[in-house]
Amino acid sequence: MANMVKVENVVASTSLGMKFDLGLITNALDKVEYEPEQFPGLVFHLDEPKAAALIFGSGKIVCTGAKSIADAKLAIERIVEKINDAGIPIKNKPEVIVQNVVATANLGTELNLDAIAIGLDNTEYEPEQFPGLVYRMKVPKVVLLLFGSGKIVCTGAKSVADAEQAAINVGEKLKELGLF
């Protein structure tokens, strides 16, 4: 079984413990979208690392689209620097919290999702509505989408190690049940 996972997206956040004037930030930075009638935060696009950040007036920043935890942390640091450089002093060093790691893996064999839905607890499978089987794993606490092709999407992980462990665990569990 190929248990190598590929990180597709990391969502991380920080709270700087201060209020922001989003209009001021919008005027000071490039690559910003701010339409307060439609969304309460502004969207800032970063090229290096490639990511997007939602910046809220409360001082909360949510980074999405990073391909690694290190990139998500670097993106938030760079955003804080840019806000600082724009003349908005930030006193607190951002404490970055990983909210979600989305990763994919391939079990390398086709799966019988009907049999898995019967054999495995904590699953939802309604092929008329969605082609994948939803498996809520308890340890690590993640949600796996299993597809008939053998591909897996892991979401809700707090680390890459959790996503990797989830891929290993589901492979072992399916083997144990004779479904692999």
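The values are calculated or read from the model by the stated rules, or taken from the named source; none is laboratory data. Since we're looking at a predicted model, the values are computed, not measured. Neighbour counts run over all protein chains shown; Cβ positions are idealised from the backbone, glycine included.
If residue 113 satisfies every condition in (1) at negative phi; (2) in the same structural domain as residue 32 (by TED's automatic domain parsing) but one, which is the exception?
Of the numbered conditions (1) at negative phi; (2) in the same structural domain as residue 32 (by TED's automatic domain parsing), the odd one out for residue 113 is (2).
Does residue 112 fit the bill of being more than 20 Å from the chain's Cα centre (by Cα), more than 24 Å from residue 50 (Cβ to Cβ) and loosely packed, with under 13 Cβ neighbours inside 10 Å?
no
Somewhere in the range 51-70, is a residue loosely packed, with under 15 Cβ neighbours inside 10 Å and touching a residue at least 60 places away in the same chain (Cβ under 8 Å)?
Checked the range 51-70: at least one residue is loosely packed, with under 15 Cβ neighbours inside 10 Å and touching a residue at least 60 places away in the same chain (Cβ under 8 Å).
Select from the range 119-173 the residues that are of a type in the set (Gly, Ala, Ser) and touching a residue at least 24 places away in the same chain (Cβ under 8 Å) and list them in ascending order. Break it down into steps so the answer makes sense when it comes.
Going residue by residue through the range 119-173, those that are of a type in the set (Gly, Ala, Ser) are 119, 132, 148-150, 156-157, 159, 161, 163, 166-167, 171.
Result: 119, 148, 149, 150, 156, 157, 159, 163, 166, 167, 171.
For residue 26, state whether it is under 24 Å from residue 144 (Cβ atoms), hydroxyl-bearing (Ser, Thr, Tyr) and either out of contact with any Asp or Glu (no Cβ under 6 Å at 6 or more places or on another chain) or at pLDDT below 95 (or both).
So residue 26 fails the test.
Taking only the range 71-109 into account, find how many residues are at pLDDT below 95, surrounded by 18 or more Cβ atoms within 10 Å (Cβ to Cβ) and farther than 19 Å from residue 48 by Cα.
Within the range 71-109, residues that are at pLDDT below 95, surrounded by 18 or more Cβ atoms within 10 Å (Cβ to Cβ) and farther than 19 Å from residue 48 by Cα number 1.
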